[in-house]
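Q: Can you read through this structure? Questions will come right after.
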Amino acid sequence: MSETFDCAKCCESLFGRKYIQTDSGPYCVPCYDDTFANTCAECQQLIGHDSRELFYEDRHFHEGCFRCCRCQRSLADEPFTCQERELLCNDCYCSAFSSQCSACGETVMPGSRKLEYGGQTWHEHCFLCSGCEQPLGSRSFVPDKGAHYCVPCYENKFAPRCARCSKTLTQGGVTYRDQPWHRECLVCTGCQTPLAGQQFTSRDEDPYCVACFGELFAPKCSSCKSPITGLGGGKYVSYEDRHWHHSCFCCARCSTSLVGQGFVPSGDQVMCQGCSQEGL
């Protein structure tokens, strides 16, 4: 008797037929494909033994089915991206999911250097200072009404300037006569003492500390000979060409305050009416 040579699955004779040998025995081509072939994830048909099969993650494809889901371009020999299990060529992926540069309008390709700010995206070489038009890169910048400035350009264009030195104020500063000043620039015209946070006054628009103003410009008290500045709510009394601090305007004899009272001048002194009558 001759030995049988049958398909391991359908048991039909393989004499004179094409077959495929496996560890579990020989299979006719239809039985081999039905038993061992994978199903194409795209067309849901078996991937026959004589077809080129492509594999990605947990899915198998016919070579012709392995294509971009948007433009249908074959991805067999091209780079691609998978987005929510959909295969996309690089062009379609960039068109659908990549940002557009706010400056040039071109696609910002995945992996390229870019900058993002305020919901917008730029190529690194397109993100320029609106003043000097140099790339901002990783430098600090200041946004202003849709424009972006490097710090030097912003300060030169927008920052207030000190009324004394004309240089920009980047932080801090004080206001005097409705103008901005560096704290270190607001000094007494007389002694150069810093005036920021101190009581001071002015003469001909020049600032003076209380001491210098009193020494240079204030009238002197006829009693104590100290300056009468009138600063800080200090009150004084004037009579003809003489002046007194409120606390110094007293009777020369009994020292009674004469503020709001009648008084009698006596040479360089003033006296209350009582003391003046006693001297008659």
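Q: Looking only at the range 30-44, count every residue that is among the polar types (S, T, N, Q), closer than 21 Å to LEU75 by Cβ and in contact with a strand residue (DSSP E or B) (Cβ under 7 Å, 6 or more places away or on another chain) and tell me the total.
A: Adding up the residues that qualify gives 2.
Q: Give the number of residues within the range 153-164 that are over 15 Å from the mean Cα position of the chain (by Cα), at pLDDT 85 or above and open to solvent by 50 Å² or more (accessible area, probe 1.4 Å).
A: 3
Q: Then there's this: Among the listed residues GLY25, GLY16, identify the single one that is without any contact (Cβ under 8 Å) to a residue 24 or more places away in the chain, of a type in the set (Gly, Ala, Ser) and touching a Lys or Arg at 6+ places or on another chain (Cβ under 9 Å).
A: Numbers: GLY16 fails: touching a Lys or Arg at 6+ places or on another chain (Cβ under 9 Å).
Answer to the check: GLY25.
Q: Which residue out of GLU86, GLU124 is of a type outside the set (Gly, Ala, Ser) and touching a Gly at 6+ places or on another chain (Cβ under 8 Å)?
A: Only one candidate passes the filter, namely GLU124.
Q: Which one is farthest from ALA41 (Cα to Cα), of the residues in the range 84-106 that are assigned to a strand (DSSP E or B) and open to solvent by 40 Å² or more (accessible area, probe 1.4 Å)?
A: Out of the qualifying residues, it is GLN100.
Q: Regarding the range 215-224, can at least one residue be identified that is touching a residue at least 24 places away in the same chain (Cβ under 8 Å) and under 38 Å from the mean Cα position of the chain (by Cα)?
A: No, every residue in the range 215-224 fails to be touching a residue at least 24 places away in the same chain (Cβ under 8 Å) and under 38 Å from the mean Cα position of the chain (by Cα).
Q: Conditions: (1) open to solvent by 50 Å² or more (accessible area, probe 1.4 Å); (2) assigned to a loop (DSSP other than H, G, I, E, B); (3) more than 25 Å from ALA96 (Cβ to Cβ). GLY48 meets all but one. Number of the miss?
A: Only one criterion is unmet by GLY48, namely (1).
Q: Filter the range 113-149 down to residues that are open to solvent by less than 50 Å² (accessible area, probe 1.4 Å) and outside any strand (DSSP E or B) and give me whichever is modelled with the lowest pLDDT.
A: Among those that are open to solvent by less than 50 Å² (accessible area, probe 1.4 Å) and outside any strand (DSSP E or B), it is GLY137.
Q: From the list SER238, SER247, which one is more than 42 Å from the chain's Cα centre (by Cα), part of a helix (DSSP H, G or I) and within 22 Å of PHE263 (Cα to Cα)?
A: Answer to the selection: SER247.
The values are calculated or read from the model by the stated rules, or taken from the named source; none is laboratory data. Keep in mind the model is a prediction, meaning the values are calculated, not measured. Every residue, glycine among them, receives a Cβ derived from its backbone with ideal geometry; neighbour counts consider all protein chains shown. Protein only, heavy atoms only, side chains kept; ligands, DNA and RNA dropped before computing areas. Shrake-Rupley method; radii C 1.70, N 1.55, O 1.52, S 1.80 Å.
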